[in-house]
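Structure, as structure tokens:
The values are calculated or read from the model by the stated rules, or taken from the named source; none is laboratory data. What you see is a predicted model, and the numbers here were worked out from it, not measured in a lab. Neighbour counts are summed over all protein chains in view; Cβ atoms, including those assigned to glycine, are modelled from backbone coordinates with ideal geometry. Just the protein is used for accessible areas: all its heavy atoms, side chains included, with ligands, DNA and RNA removed. Shrake-Rupley method; radii C 1.70, N 1.55, O 1.52, S 1.80 Å.
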Amino acid sequence: METFKVIIVEDEKLELKGTEEIFRSDIPEAEILGTAMNESELWKLMRQQLPDLLLLDLGLGGSTTVGVDICRQVHTNYPSVKILIFTGEILNERLWVDALQAGTDGIILKTGELLTRNDVRLVMDGRRLVFNQPILEKIVARFKKSVISENRRTDALIDYDIDEYDERFLRHLALGYTKDMIASLKGMPFGAKSLEKRQVDLINRLFPANERTGVNATRLVVKALQLHIIDLDTLKPDDE
């Protein structure tokens, strides 16, 4: 790895000292231009000399939004500067997403293996989405959950012979639409009476014979959710 210049942003003195030691002992190619404990100190350093890498803590002065805002400004105004988040926000998944949207090149959680020379090398080599093991485990877990859910939905659509109009009908019932409102949707070729018949047909497909009596639209929607035919996470209306 070629030599490069880095600025470290960290508001906890002990953690800052530990991070500097990681660079000195494990990443000798790095020249630390300076350290900042808040936003104003960072901009002062940036005006003096741009680094190749900004190692940025997100939780500055008790605020998590400051770090994300810094990330966004650096990414926008200094696109040549690589940004690596090094954060103790190990449970705040929303914050990780905010940082990714703000333009960070990677996120290293302050847990597990912490910051390694390889993490820094990958960022400096131009790799995007560099993560350490703790965050990778969470990402993989979410990915597996998403794939399993999607597979269940695909299987349910096949097993219960659900077509496009069945799915649209059930989804809009779940959103509180009346049959008249659903019939008026763009591209919906059925009137309210036809949708009544479709509802009865869906009840017959989704419920065993001994459970069909008295099933209304609400119970039908709940059943569709239980069978993964529709999904709460993607419950959105069509353009009307």
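Starting from the Cα gyration tensor of region 143-228, take the square roots of the eigenvalues, sort them a ≥ b ≥ c, and report rounded, prolate or oblate (rounded when a/c is under 1.5, otherwise prolate if a/b is larger than b/c, else oblate). It is oblate, given that a/c is not under 1.5 and a/b is not larger than b/c.
In terms of its C-alpha gyration tensor, region 1-51 comes out oblate, because a/c is 1.5 or above while a/b does not outweigh b/c. Ordering Ala156, Met188, Gly214 by Cα displacement along the dipole of region 115-240 toward the positive end leaves Ala156 in first place; charges were set at the Cβ atoms of Lys, Arg (+1) and Asp, Glu (-1). The mean accessible area for residues of region 84-129, using a 1.4 Å probe and ignoring ligands and nucleic acids, is 48 Å² per residue. On region 112-166, 50 percent of the accessible area sits on carbon and sulfur atoms, based on a 1.4 Å probe.
Each part reduced to its alpha carbon centroid, region 53-95 and region 116-182 end up 26 Å apart.
Rounded to the nearest 10 degrees, the angle from helix 39-48 to the longest Cα principal axis of the chain is 60 degrees.
3J(HN,Hα) along region 31-38: 9, 7, 5, x, 10, 10, 9, 7 Hz, from the Karplus curve 6.51 cos²θ - 1.76 cosθ + 1.60 with θ = phi - 60°, whole Hz, x for Gly and Pro.
The portion of the accessible surface of region 187-240 made up by carbon and sulfur, rounded to a whole percent, is 50 (1.4 Å probe; DNA, RNA and ligands excluded). For region 71-139, the Kirkwood radius over C-alpha pairs fed into Stokes-Einstein at 10 °C and 1.306 mPa s yields D = 131 µm² per second. Normalised per residue, the accessible area of region 139-201 is 65 Å², obtained with a 1.4 Å probe and no contribution from ligands, DNA or RNA. For region 1-95, the square roots a ≥ b ≥ c of the C-alpha gyration tensor eigenvalues yield an a/c of 1.5 or more together with a/b not exceeding b/c, which makes the shape oblate. What you get for the chain, charging only the Cβ of Lys and Arg (+1) and of Asp and Glu (-1), is a dipole of about 720 debye around the Cα centre.
Peptides 177-184, 226-233 ordered by packing proxy, namely the average of other Cβ atoms within 10 Å per residue, highest first: 177-184, 226-233. Between the Cα long axis of helix 217-226 and the first principal axis of the chain there is an angle of about 50°, rounded to the nearest 10. Counting only alpha carbon atoms, the long axis of helix 93-102 and the longest principal axis of the chain meet at about 70°.
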